[in-house]
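The values are calculated or read from the model by the stated rules, or taken from the named source; none is laboratory data. Please read all numbers here as calculations on a predicted model, not as lab measurements. Because the Cβ atoms are built from the backbone with ideal geometry, glycine has one as well, and the counts that use them run over all protein chains shown.
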Amino acid sequence: MKATAKAHTNIALIKYWGKRDEALILPTNNSLSLTLDGFYTTTTVEFREELTQDIFYLNDECISGIPYTRVSQFLDLIRDIAKKPNLFAQVKSTNHVPTAAGFASSASGFAALASAGSQAIGLTLNDQELSRLTRRGSGSACRSIYGGFAEWDKGEKEDGSDSFAVPIAPQDYWDIRVAAVVLHADMKKVSSRVGMKRTVDTSPFFKGWVDSIPQDLKQIKSGISERDFEKVGSVAEANCLKMHATTLGANPPFTYWHDTTFTVMQHVQMLRKKGIPAYFTIDAGPNVKVLYLPENEEQIKQELESIPGVTDVILSKSGQGITYI
Ligand code: ADP
Ligand code: DP6
Ligand code: CO
């Protein structure tokens, strides 16, 4: 009744931003991501007859409050499927990624929990079933089941049965790299969940965002199939800017950016003017991820490290999907 799984984070090139159903975590739009080898979570789940409630340790700290409830409610889903409603678990998780800082810890965290939890209780799920289950913990996590590029199909059905991620291209398809430019690894003030809800409920720009997705998806998929870095990078960068623009239209308005976020974005655009292909994307946090090609790695790292306010630059390749340890 014990299993350990490792899951990597993923960076969305076409963002998931908005839910049509909050309880089931059904998105308003498809999203597309690259799994990263540099950031991951390992989670061990052990179901034990003598426990009267779940216990959750994250980075050796016993967790209570909302993060505990999210884990325990997710385990309820697993207990439900396994028809073992009174079997509680001890969960021990380690994030090799900053938690709740815009580095997608919820993606690697819930992908690892879903995999280890379902295996520990004795379920055998295929990738599609596992992705659909993982979605219920955190939307972005359903893409982390796969290595390389993955697309989360929003689905059409109200019960969410057709909403899960599918593989687009495996880890070794294309050596495209991502530099995570660390400005602040502090916890964000507005979680992804709260931020996207406020945007859906109040931002007049939200409709424009949703309407623009099919075209972006079509373009980026053709860029991936042609291994056209400029095409993939420019679509991803524009999609990120559109997503962040919706938050400025919300009520009350908010932004995940800091002044240094903007400095890094301008630096990346300046690098392109100098002939170095590089594009940025930003999740729900101030830190910037820069897409680049292997031949430019040294220069990219040097340039990014030289920007005032940058505390670290962490380089990632395309990562693998779920593994069991
Ligand atoms: P992030 O940018 O890190 O994904 P989110 O606001 O989306 O930020 O999610 C952060 C939340 O994800 C945490 O507050 C916690 O509830 C959950 N989380 C992070 N890591 C783990 C983990 N290893 N196991 C379970 N839940 C986790
Ligand atoms: C900006 O998956 O963290 O990173 O489903 O509420 O847990 P919940 O939110 P989450 O949102 C991620 C938002 C994003 C874009 C993306 O990863 O697609
Ligand atoms: Co998240």
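Details
- When THR94, THR124 are checked against the criterion of being closer than 24 Å to GLY285 by Cα, over 16 Å from the mean Cα position of the chain (by Cα) and more than 16 Å from ligand 2 (Cβ to nearest atom), THR94 stands alone in meeting it.
- Just one of the listed residues (ALA104, ALA100, ALA112) is within 15 Å of SER31 (Cβ to Cβ) and either modelled with pLDDT under 95 or buried (at least 24 other Cβ atoms within 10 Å of the Cβ) (or both), and it is ALA104.
- Filtered residues of the stretch 194-207 (kept if in contact (Cβ under 8 Å) with a residue 12 or more places away in the chain and either within 15 Å of ligand 3 (Cβ to nearest atom) or within 15 Å of ILE14 (Cβ to Cβ) (or both)): GLY195, MET196, LYS197, THR199
- Residues satisfying the stated conditions in the stretch 238-260, i.e. out of contact with any Gly (no Cβ under 9 Å at 6 or more places or on another chain) and under 27 Å from PRO294 (Cβ atoms): ALA238, ASN239, CYS240, LEU241
- Of all residues in the stretch 191-210, those being surrounded by fewer than 18 Cβ atoms within 10 Å (Cβ to Cβ) and hydrophobic (A, V, I, L, M, F, W, C) number 3.
- Residue within the stretch 137-152 that is part of a helix (DSSP H, G or I), of a type in the set (S, T, N, Q) and within 13 Å of the chain's Cα centre (by Cα) present: yes
- Residues in the stretch 1-21 that are surrounded by fewer than 21 Cβ atoms within 10 Å (Cβ to Cβ) and either part of a strand (DSSP E or B) or within 14 Å of ligand 1 (Cβ to nearest atom) (or both): LYS2, ALA3, THR4, LYS19, ARG20, ASP21.
- Total residues in the stretch 5-23, condition within 11 Å of ligand 2 (Cβ to nearest atom), of a type outside the set (Val, Ile, Thr) and in contact with a Ser or Thr (Cβ under 8 Å, 6 or more places away or on another chain): 8
- Verdict on SER93 being of a type outside the set (D, E, K, R), within 17 Å of ILE63 (Cβ to Cβ) and either crowded, with 24+ Cβ neighbours inside 10 Å or within 16 Å of ligand 1 (Cβ to nearest atom) (or both): yes
- Test: residue in the stretch 227-242 that is loosely packed, with under 13 Cβ neighbours inside 10 Å, within 26 Å of LEU36 (Cβ to Cβ) and either within 16 Å of ligand 1 (Cβ to nearest atom) or in contact (Cβ under 8 Å) with a residue 24 or more places away in the chain (or both): yes
- The one condition from (1) polar (S, T, N, Q); (2) in contact with a Gly (Cβ under 8 Å, 6 or more places away or on another chain); (3) buried (at least 23 other Cβ atoms within 10 Å of the Cβ) that SER161 does not meet is (3).
- Residues satisfying the stated conditions in the stretch 90-109, i.e. under 25 Å from VAL181 (Cβ atoms) and among the hydrophobic types (A, V, I, L, M, F, W, C): VAL97, ALA100, ALA101, PHE103, ALA104, ALA107
- Residues of the stretch 302-325 satisfying the condition of being over 23 Å from the mean Cα position of the chain (by Cα) and outside any loop (DSSP other than H, G, I, E, B): GLN302, GLU303, GLU305
- When every residue of the stretch 169-180 is checked against the conditions, at least one turns out to be over 16 Å from GLN320 (Cβ atoms) and either within 15 Å of ligand 2 (Cβ to nearest atom) or buried (at least 17 other Cβ atoms within 10 Å of the Cβ) (or both).
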